[in-house]
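Inspection log for the structure reproduced underneath, given as structure tokens.
The values are calculated or read from the model by the stated rules, or taken from the named source; none is laboratory data. On a predicted model such as this, the values are computed, not experimentally measured, just so you know. No Cβ is skipped: glycine too gets one built from the backbone with ideal geometry, and neighbour counts run over all protein chains shown. These area figures cover heavy atoms from the full protein model, side chains too; ligands, DNA and RNA do not enter into them. Shrake-Rupley method; radii C 1.70, N 1.55, O 1.52, S 1.80 Å.
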Amino acid sequence: MFALLRSKFYGIALAVPFFVVGSVVDLQAAPFDRFRDCDVCPEMIELPLGEFMMGAPEGESQQQVHFSNGSWQRVTPENPYIAYHEGPVHRVEIDVPFAMGVNEVTFEEWMACVADGGCNGYIPDPTELVLLDDGQIHEAEAVGRHPVRRVSFVDALSYLSWLNQKLGVNAYRLPTEAEWEYAARAGTQTAFAQGDWVTPDQVNFNGETTAENLNIPDLGYVSRWMPVPVDRLDAANLWGLRHMSGNIGEMTMSCWSPRHLGLATSSAYLEAAEGAASCAYNMRKGGDYGLLMDGSRLGARTKFGRETRVKMLGFRVVQQLPDR
């Protein structure tokens, strides 16, 4: 099987082989084509076509408490936690070519939109209250290369509209849940792109609460209480995409569903998302700095309201490419 990779810079199309073995894509091309369509546009990586197993198997979650029968209960062999909403695991073929943002859209990229008359002039509040080592709460600002937050789904659409109009295209959009998970897994099938376990040096999650949840108090995990700049930490997956786990939650264009739809192709997931423009809740992926490590697993999924602006949620863009 071959993926046709194109160069934004030189206009060269290269046939690069990759092989599908079971559910893992073994890529023979590295690094992938990176490009930026303007000086204030997000940096993008073109991804190969392929297939993967979407969803998380029962038992992958390491959550040790769960809400059941009106109260929080400790997980036991007799009272297990089964994340039914993360299944069923199913094979999905990626049949729509796309590139994905290397990073979450940053505050400075959002402000470039505002400065250019876009994004409805909305400036998200970048401040954060952080508990530091001195035991005091301090106010910090997450600006510049920090991911933009406190933006709603509607706000994200205004950014995408500005980006498309600026470039004279109709190619930039939010990812579907299938595209997001395929890109995040980067050919792996483990709980995280880095394996079945990660550390705060790789993923920005709530370390202290994670240690309590796992009942391992001497893990030495830290909680940063705010996002880090997109360039920080050893956070890249095998395809070069950064912070797909942790830091902030990421929007998708897919509507929330209590179980995976079980569709066979990414085009089918895209059609389902485009045909449900009025859904009340959308799918949120990637965990965030305030959640347990478990919430940053690639198969974890939650929902968010379309008009909600929260400090732990932002977005990453994709560019739909021409059929090869």
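Computed values, structure above
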read-out	value
Net charge over other residues, Cβ less than 11 angstrom from the Cβ of residue 198 (K, R count +1; D, E count -1)	-3
Dipole of the chain, positive direction: furthest Cα of 220, 142, 283, with charges on the beta-carbon	283
Burial order of peptide ranges 216-226, 179-189, 305-315 (average beta-carbon count within 10 Å, highest first)	179-189, 305-315, 216-226
D_trans [Stokes-Einstein, Kirkwood Rh over alpha-carbon pairs] for the range 201-324, 4 °C, 1.567 mPa s, µm² s⁻¹	81
In nm, spacing of pseudo-spin labels at residue 82 and residue 161 (7 Å Cα→C-beta vector)	4.5
Those residues of the range 265-309 whose amide nitrogen sits under 18 Å from the label point placed on residue 91, 7 Å along Cα→Cβ	265-269
Å² of accessible area per residue within the chain, as computed with a 1.4 Å probe and no ligands counted	44
Antiparallel content of DSSP bridges confined to the chain, in %, to 5	95
FRET efficiency, 1/(1 + (r/R0)^6) with R0 22 Å, evaluated for residue 34 and residue 169 via beta carbons	0.75
Full-stretch length increase - residue 154, residue 43 - with 0.36 nm per residue and alpha-carbon distance subtracted	37.7 nm
The range 103-254 shape via C-alpha gyration tensor axes, a/c threshold 1.5	oblate
Potential lengthening between residue 140 and residue 74 on full extension [0.36 nm per residue; Cα-Cα distance subtracted]	20.2 nm
Three-way shape label, the range 78-124, alpha-carbon gyration tensor, a/c 1.5	oblate
Pair residue 309, residue 231: separation of 7 Å Cα→Cβ label points (nm)	2.8
Prolate/oblate/rounded call for the chain, Cα gyration tensor, a/c under 1.5 rounded	oblate
Accessible surface of the chain [probe 1.4 Å, protein heavy atoms]: carbon and sulfur percent	54
